[in-house]
Amino acid sequence: MAFQEIKLYQTGTFVVGNRLLDPEQRTVQARTGRSNSLTSGHRACQGCGEALGARYVLDAAMRATDGKLVAVNSTGCLEVFSTPYPESSWQLPWLHSLFGNGPAVASGVAAALRASGRDDIRVVGQAGDGGTVDIGFGALSGMFERNDDVLFVCYDNEGYMNTGVQRSGATPPAAVTATTKAVGPEPGNVFGQGKSVPLIAMAHEIPYVATATVADLHDLEHKVERAMSFRGARYLHVFVPCPLGWRAASADTIRLARLAKESGVFPVFEAEAGEVTAVSRIRRQVPVEDYLRPQGRYAHLFGDHPRPDIVARIQARADRNIARFGLLPEGDE
Amino acid sequence: MRSQIEGSQAVARAVTLCRPQVIAAYPISPQTHIVESLSDRVRTGELAGCEYMLVESEFGAMSACIGASAAGVRTYTATSSQGLLFMAEALFNASGIGLPIVMTVANRAIGAPINIWNDHSDSMAMRDSGWIQLFAESNQEAVDLHVQAFRLAESLSVPVMVCMDGFILTHAFEEVDLPDQAQVDAFLAPFVPQQQLDPDEPVTIGAMVGPEAFAEVKYLMHAKQMTALDEIPEIAADFRRAFGRDSGGLLKTYRLDDAETVVVALGSVLGTIEDVVDSMRDAGVPIGVLGITCFRPWPAAEVRAALAHARRVVVVEKAFAVGAGGIVGQNTRDATRDLPLVVLDVVAGLGGRPVTRASLRGLLDDVVEDRLDPTRLHFLDLDLALVERELERSRHGRRPGPHAEHMLRDLGTVASGAFD
Ligand SMILES: Cc1ncc(C[n+]2csc(CCOP(=O)(O)OP(=O)(O)O)c2C)c(N)n1
Ligand code: SF4
Ligand SMILES: [Mg+2]
């Protein structure tokens, strides 16, 4: 495995070390001037992917807007762990209203800024998957359809974590949650047809849609920056492992995010005006099993009564993503 | 300027004069003419510098208002009935945060059965949402209350609902004295937000609060509404000085001196009640009227003072608490609990049923003669035979079927609004 050591410090790889890059190419997170929009001291679990994601996204957006940014937050872990009274981790103007109305509140902020001639100040709305794909979905679609000048970010940890890890519309098949236990003939969440809000966002033909994971900081920051270069409705769907809800090791958050992408479970792509413009290809494909095994929420697939049939169905879904988005490197397809 | 104008147009004009910067609204009868008119006024530039947001629901409308108000601009919306309930969660949020949003509620019944006509069930269902609730008696008062509402909301940083009877006021053409822009500008200073999302001074709004301070935050909401009890009469007095007419305030009294019997009511029905009271006064009956303009905050001390010399009070209201009784009635009893008087609850005008002079006269004759049982909830013009027939049907058979449809069939009516 000697080749890995060489590649690790080369520019152009996904794990490039910041120290070896030109200052211009370094991540926002690596810069001393980063805004620390979500600053330390909050109450997230160790290894919380959502906390990482929010920090990366907002610092990048702050840089892109020269600090002229307002954040609107739906109810969920991010809101709760960041603002236990009387403390707040937010170092930017931040408003939380309800669970299901984040996109509409953000639209209202944007309208007010426009009406007062302050459209130099930009708006980011943010929510978990529940606040985005389920209860806030109508408001989100309205915001898209009106093309309001908001970047809406979904931190997808695939469940209602704040209320104790229940199933959401973004919970994947077979995953165990508090409302989809590993009991009965179909253990864990059912195999539904899925609900891809990035694709639904694209169907609104909004200027910019992207997916990203917390495993690739350069890519995530780039997408925020790109999103902020557009006016109108933009959508960013960030894959954020949740050690508590997924029953995974805190140290595995980044690794799991990377495996989700490298297995094809979570396709990473960009789209403009309804058309896919770029995909992050898989560097070294791994079977979905590599991604599933470290997570306790899938333990029932591998224990004393293994369910290779279910793993195969999950693999088939990943393969469908790979084929649909062309995720394998050129020549491997 | 005096104009012969539809209530909705008059309100839209009044709101325009108040220069809101964001309007977010979703159509529902009978609010539609107001928001259509405002949309026109924004498009033509009559209402300049305003963003009119065509939102996807009332929940979206109130949520957008929350965002806009927190971003520091004057914000307005309007709704009715189901729309108000669809906003419910956001209403409590707006008041909890303390955002001075002004909203017109064109009062309409709440389904089921679905019904577009007027009563007060919608506003009354939201009476504890933390919003100030002002009820207009006429279109003139509706216009005036809007101008006052922005001032009140912004001075206390509390949201205000201006309630006006759907159709009866919103769709009625009558003469209204519309203020001009200079008058309104002089009365209503530009909005200075008490809290604002501002990158130069970042604040966190909407933080989580646990047992250590939650009660205090809620107490503050209550305290602010109590302050409103002082503020509302002051604003009305100021309004009188600026515009030369009485509008707003907490209560309105009519022929109350020496009245042994007092009718309490709110909204447009007050006019009809006053007519009936006039005719009874002509017949020598000592009777008067107490109109509630401000229902939330509840002006308990003022209500008590106004009823201090009454022997019997009859509250005629267009809503009720199913399974409990009158709503305004209960508040009235509470305000007068140490007074030697009887408070009767009468529900009238539900779902658009006309409250006629004849029915009111019959009712008030009974009240004056102490023929109404004070321990019971009364319904004006209730068709008891219709209810009886349906109850009889329910006693037979395992699945008697849907009540509302049966009762319409019994009446030989297929659509709503066929009362004559
Ligand atoms: C109207 C309403 N329903 C339910 C809740 C309870 N609730 C609060 S947060 C939450 C789940 C949040 O899930 P998600 O949006 O995915 O965020 P996460 O906590 O997973 O980051 C739920 C169900 C609520 N606050 N409001
Ligand atoms: S439960 Fe999950 S999303 Fe919530 S704070 Fe913990 S790790 Fe983060
Ligand atoms: Mg979630």
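List of remarks:
- FRET efficiency, 1/(1 + (r/R0)^6) with R0 22 Å, evaluated for A:ALA249 and A:PHE302 via beta carbons: 0.90
- Accessible area (Å², 1.4 Å probe, nearest 10) - A:THR32: 150
- Each peptide in A:96-102, B:115-121, B:407-413 receives the mean, over its residues, of other Cβ atoms within 10 Å, and ordering these scores from highest gives A:96-102, B:115-121, B:407-413.
- Linear extension gain, B:ALA237 paired with B:PHE214, 0.36 nm per residue minus alpha-carbon span: 4.8 nm
- Only the Cβ atoms of Lys and Arg (+1) and of Asp and Glu (-1) were treated as charged; on that basis the dipole of region B:302-398 about its Cα centre amounts to roughly 180 debye.
- The label-point distance for B:ALA88 and B:ARG337, in a model that sets each label 7 Å from Cα toward Cβ, rounds to 2.6 nm.
- Pairs exceeding a 28 Å alpha-carbon distance, out of A:LYS195/A:LYS223; A:LYS68/B:LYS224; A:LYS181/A:LYS261; A:LYS195/A:LYS261; A:LYS68/A:LYS223: A:LYS68/B:LYS224.
- Sparse packing (at most 12 other Cβ atoms within 10 Å of the Cβ) combined with a DSSP loop state is found for the following trypsin sites (Lys or Arg not before Pro) in region B:261-346: B:ARG337.
- With θ taken as phi - 60° and the Karplus curve 6.51 cos²θ - 1.76 cosθ + 1.60 applied, the whole-hertz 3J(HN,Hα) list for region A:76-84 is x, 3, 4, 5, 6, 6, 8, 9, x Hz, x standing for glycine and proline.
- Value of Rg to Rh for chain A, rounded to two decimals, is 0.95; Kirkwood radius and Rg both from alpha-carbon coordinates.
- Separation of alpha-carbon centers, region B:73-140 and region B:186-257, rounded to whole Å: 17
- Under Karplus coefficients 6.51, -1.76 and 1.60, residue-wise ³J(HN,Hα) of region B:19-27 in Hz, glycine/proline x: 6, x, 9, 9, 10, 10, 8, 10, x
- Note on B:68-80: average number of Cβ atoms from other chains within 10 Å of each residue's Cβ is 5.
- Residue among A:MET202, A:TRP246, A:HIS42 farthest towards the positive dipole end of region A:34-325, charges placed on Cβ: A:TRP246
- Residues with amide H under 5 Å from that of B:LEU344, placed H, sequence gap 5 or more: B:VAL313, B:VAL314, B:VAL315
- Taking amide H as placed 1.01 Å from N in the peptide plane, the amide H of A:THR180 sits under 5 Å from that of A:ARG167, each at least 5 places away or on another chain.
- In the protein assembly as shown, taking the dipole from charged Cβ atoms about the Cα centre, the farthest positive-side position among B:THR272, B:PRO193, B:THR204 is held by B:THR204.
- Here is the size of the protein assembly as shown from its Cα atoms: Rg then Dmax, 30.4, 109 Å.
- Plainly put, chain B has a radius of gyration that is 0.98 times its Kirkwood radius, both from alpha-carbon atoms, as the Rg/Rh ratio.
- Toward the positive end of the charge dipole of the protein assembly as shown, with +1 on the Cβ of Lys and Arg and -1 on the Cβ of Asp and Glu, the farthest Cα among B:SER155, B:ILE5, A:VAL109 is that of A:VAL109.
- Over chain A: helical MRE at 222 nm, DSSP H runs n ≥ 4 each giving -39500 (n - 2.57), nearest 500: -9500 deg cm²/dmol
- Computed from the C-beta positions of B:LEU384 and B:VAL285, the FRET efficiency with R₀ = 35 Å rounds to 0.80.
- Dipole moment magnitude, nearest 20 debye, chain B about Cα centre, only Lys, Arg, Asp, Glu C-beta charged: 640
- Carbon + sulfur, % of accessible area of the protein assembly as shown - ligands and nucleic acids excluded, 1.4 Å: 52
- Each residue of region A:226-231 was assigned a 3J(HN,Hα) from its phi angle through the Karplus expression (A = 6.51, B = -1.76, C = 1.60, θ = phi - 60°), giving 4, 4, 6, 7, 9, 9 Hz with x at Gly and Pro.
- Per residue of peptide B:187-200, the mean number of Cβ atoms on other chains within 10 Å of the residue Cβ is 3.
- Structural size metrics of region B:251-379, computed from C-alpha coordinates, are Rg and Dmax of 13.2, 38 Å.
- Distant-in-sequence amide H partners of B:THR104 (H built 1.01 Å from N, under 5 Å): B:THR77, B:ALA78, B:THR79, B:VAL162
- Helix-derived mean residue ellipticity, 222 nm - over chain B, DSSP H n ≥ 4, -39500 (n - 2.57), to 500: -13000 deg cm²/dmol
- Remark: spin-label model distance B:HIS309-B:GLN181 equals 4.9 nm, labels positioned 7 Å along the Cα→Cβ axis.
- DSSP-defined antiparallel bridges as percent of all bridges, the protein assembly as shown, nearest 5: 25
- Other protein chain C-beta atoms within 10 Å of residue C-beta, averaged over A:116-128: 2.
- Considering only A:GLN193, A:GLN91, A:GLN29, the Gaussian network model of chain A with Cα springs below 10 Å gives its largest mean-square fluctuation to A:GLN193.
- Rounded to 5, percent antiparallel among DSSP beta bridges of chain B: 25
The values are calculated or read from the model by the stated rules, or taken from the named source; none is laboratory data. Remember, it's a predicted structure, so these values are computed and weren't measured experimentally. Don't worry about glycine lacking a Cβ; one is built from the backbone with ideal geometry, like all the others, and counts go over all protein chains shown. Heads up: the accessible areas ignore ligands, DNA and RNA and are worked out on the full protein's heavy atoms, side chains in. Shrake-Rupley method; radii C 1.70, N 1.55, O 1.52, S 1.80 Å.
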